[in-house]
């Protein structure tokens, strides 16, 4: 007889599914009632973890693209043919996380279950058991940066993604970080403001700057917009709104937060620590990933981005990040554990030199056996990143890594 599913086991399933559905910017959530109902005797036969994973695999394979295009709040029913499992979903787009949230409200095993909502019928797909799947080596995991030695921790982590302008932090965020969370990035605020007519008009009235006739490809316009956002405190207000919602969440269910910053000085790190620690985040769950790209290469990437910054900002952000990280990693008069005591990673990010893309091998496509293995690219090999601090320990970096950093960053008098 199958055993009831524990809360921990369900959390593991949710964590695993998030890693998969995240490819289409989908976020899987199980409600409290879902957990209460999953082991209910009215199901007749115990619902198993294998069945849940199987249903969601088929859901992704058949309806993933459809779900990813949701721009409103809808109710739909997932109906598994063969197992009689029914999962009512609340589906909505979260503009803050830029993901479509799939909240499973409940679950039941019942024949001929009726619903007024749209039905998403899924077929059974023979797969390995959930435990067998967890033990398999998946191609995508071969090049992931992990935190506290965990792949895709669900809650309670703070990641500071640091690096100068044009260093390719977005690439690392989307391809290498083994975590998902709410991303805070002032560049996203700039794009949002440029598309918000009411706020754009208000800024024009108060500052004289016409956002509608500006371009994020123009470094001068980007610089002016950055100063306006800072002066009006728009980014800070948006952060505080997020922090207020986090303050009321359960202690063990604090959402992961990813701060996309330059970290050109210690003030930003200090501010982040002072904001998140009172919210209940453990200092050992605050991590840094420093993205290091050869400066000349970063300048080329900056010129081709949707939003470009001036050469002076390029120099300031890359030098500043290099000096800050030197002080933190070498403990140059600074105790890093005053601000954070999680992992510190250095991700070298010269495209084609420090990382390569490779297609998923068919035999490794364990999740969606009916899916074309050539339908997506994954980082598979050559990802060059180094952990220089482990959680609870002091940083430790060898000479070879220091020399490589010195060859990438602008001359600062620190890295050699």
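Laboratory data are not the source of any read-out in this text; all were calculated from the coordinates shown. Because the structure is a prediction, the values reported are computed rather than measured. Cβ placement follows ideal geometry from the backbone for every residue including glycine, while neighbour counts extend to all protein chains displayed.
Observations on the model:
- Shape call, the range 263-313: gyration tensor on alpha carbons, a/c limit 1.5: prolate
- Measuring r between the beta carbons of residue 114 and residue 411 and using R0 = 60 Å, the FRET efficiency lands at 0.25.
- Most simply put, the range 7-136 has about 60% antiparallel DSSP beta bridges, counting only bridges with both residues inside it.
- At R0 = 35 Å, FRET efficiency that the Cβ-Cβ distance of residue 70 and residue 250 yields, to 0.05: 0.85
- D by Stokes-Einstein for the range 233-345, Kirkwood Rh over Cα pairs, 10 °C, 1.306 mPa s: 100 µm²/s.
- FRET efficiency for residue 209 and residue 40, using Cβ-Cβ distance with R0 set to 56 Å, rounded to 0.05: 0.45
- Full-extension gain in nm, residue 270 to residue 400, via 0.36 nm per residue minus C-alpha separation: 43.9 nm
- Alpha-carbon centroids, the range 290-346 and the range 243-258: separation in whole Å: 27
- Prolate/oblate/rounded call for the range 4-125, Cα gyration tensor, a/c under 1.5 rounded: prolate
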